[in-house]
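Notes for the one structure printed next.
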C-alpha cells in the first residue's frame, strides 16, 4: 500500500480522487502436474476466514477514509485470497466508485467517514467504518424517499424511508472495517444528519476489558521490579540446557514490570478510561488493541499478598519492656 507522501502528491495532482485497480496477476506455468497428467490451476485460490479478511480490509478502509479512495498499490502475488462467503472483496467494491473527488458529507461521527460526489444526474455516496467495531449508521438525506439508491456491494437497490420534511432516511449496518456505497438517482443530494450507534453487547464487552485492564494495572503497580540483566547472567546455571530452561521459566514467573513500563501502562489505562467516559468508543477500541493494553491484558490478574497487620502501640511498648 502507498504510504509515501511524494507519491501521494504526484497522483493527487495528476488524477485526484482516482483509484488504480491492481492489474491481473501474471500467470506462471505450473511447477508440477497432477497424477492424471492434467495441470493444476495456474493461480491457486485460498479461502480466508472472516477475521483475517476483516484485518486485510482494514488496510483499504484506512486509506479510503483518509485519502478518499486514492490510488492503492497492491502486491501481485500468485495466490489469490477470497473471502469465505459470497461477498466481493473490498477492492472490487472500491473500484466501482467513479473517477471523481469525494468530499465530506454531513457531520462526521467517529468512527464513520461519509463522503459524496456529484456526477451528472447522480449522487455517489459511501460510508466507511474506520474501526474494528461493528456499528449501525443512519443517514438523513435531503432527497425524496422515492429516490432510487443502487448499492455497489451487491448490485441491488435499497429503499429510502421518509423523514420529517422533504428528506429521507437510510439505515444500514457496517461490520468492522466495513464499507457501504450507493449511487442515488438524484442530483445534488446531500447528507444533513449522521447517527452512529453501537450495539449494547459490544459496549458491554468493551467495559469488561476496561475493568480487567484496571484490575491488572493494580497488580502491576504493586509488583516488584524485574531483575537486571547482570543479575540474570549471574544467576543463570550453565550446567545444561534443561536447567537453563527451568531457570528461564522461574525468572520469568518472578518477573514483573519496571518503573518505566508501569508509568507507560498507567498512561494507557488513563487514556482508555478517558475515551470511555467521553464516548469515544473507536479510540477506546484502538487503544485496547494496542501493544500496552494487550500486554497488560495478557498478564493474569493476581491479588497482592496480604500484609501482616501493624502491631499496636501497647504491644510495641510491652515488647520493649520485656527486653
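The values are calculated or read from the model by the stated rules, or taken from the named source; none is laboratory data. Predicted model only: the values in this text are computed from it and were never measured. Here Cβ is always computed from backbone atoms with ideal geometry, including for glycine, and neighbour counts include all displayed protein chains.
A few remarks follow.
- The stretch 89-112 - residue that is closer than 19 Å to residue 283 by Cβ and crowded, with 21+ Cβ neighbours inside 10 Å and, of those, nearest to the chain's Cα centre (by Cα): 111
- When we screen 181, 199 for residues that are touching a helix residue (DSSP H, G or I) at 6+ places or on another chain (Cβ under 7 Å) and within 30 Å of residue 284 (Cβ to Cβ), the only hit is 181.
- As a summary of the residue check, residue 128 satisfies the conditions (1) in a helix (DSSP H, G or I); (2) closer than 28 Å to residue 199 by Cα except for the one numbered (1).
- Scope the stretch 181-206; condition surrounded by fewer than 17 Cβ atoms within 10 Å (Cβ to Cβ) and within 26 Å of the chain's Cα centre (by Cα); matching residues: 193, 195, 197, 199, 200, 201, 202, 203, 204, 205
- Within the stretch 142-160, the set of residues being outside any loop (DSSP other than H, G, I, E, B) and surrounded by fewer than 14 Cβ atoms within 10 Å (Cβ to Cβ) comprises 157 only.
- Residue-level check: of (1) out of contact with any helix residue (DSSP H, G or I) (no Cβ under 8 Å at 6 or more places or on another chain); (2) surrounded by 14 or more Cβ atoms within 10 Å (Cβ to Cβ); (3) assigned by TED's automatic domain parsing to the domain that holds residue 262, residue 213 misses just (1).
- Test result for residue 304, modelled with pLDDT of 50 or more, outside any helix (DSSP H, G or I) and either under 22 Å from the mean Cα position of the chain (by Cα) or surrounded by fewer than 16 Cβ atoms within 10 Å (Cβ to Cβ) (or both): no
- Residue in the stretch 89-112 that is over 24 Å from residue 148 (Cβ atoms) and modelled with pLDDT under 70 present: yes
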